[in-house]
1. What relative contact order, as a whole-number percentage, does the chain give when Cα pairs under 8 Å and 6 or more residues apart are counted?
2. Nearest 0.05, what FRET efficiency do Lys29 and Thr79 give at R0 = 22 Å with Cβ-Cβ as r?
3. How big is the shadow of the Cα convex hull of the range 1-76, averaged over all directions, in nm²?
4. Which of the trypsin sites (Lys or Arg not before Pro) found in the range 4-35 are loop residues per DSSP with 13 or fewer other Cβ atoms within 10 Å of their Cβ?
5. With +1 on the Cβ of every Lys and Arg and -1 on the Cβ of every Asp and Glu, and nothing else charged, how large is the dipole of the range 13-77 about its Cα centre, in debye rounded to the nearest 20?
Amino acid sequence: MNKTKIHIRRGDIVKAISGEDAAGQKTGKVLKVYPSKGRALVEGFNFVKKHMRKSQDNPSGGIVTKEAPMAISKLAVVTRAAKKTDKE
């Protein structure tokens, strides 16, 4: 099995370098990393709409917008001192 090197840790401040979230200079905090899938959950990035069924926990049901994990290859760590990525 291939083991990819993960350069992102939980709590890091990251910036999207490709995809729809890369358009602005937006940064976000890493909430969780999934190394086996090569993905990370980042605060304020990659929103998806989830259709929720009615249940006792969620009596109204409906469509909920929430964050989804995104590929680690699309993220770059922002250094705290310079507020820039290593490639800038």
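Readers should treat all values here as calculations from the given coordinates under stated rules, not as data from a laboratory. Bear in mind that the values here come from a model prediction, so they are computed numbers and not experimental data. Here Cβ is always computed from backbone atoms with ideal geometry, including for glycine, and neighbour counts include all displayed protein chains.
1. Reported relative contact order: 29 percent.
2. Rounded to the nearest 0.05, the efficiency is 0.90.
3. 6.6
4. Here the sparse-neighbourhood loop sites are Lys5, Arg9, Arg10, Lys26.
5. That gives a dipole near 140 debye.
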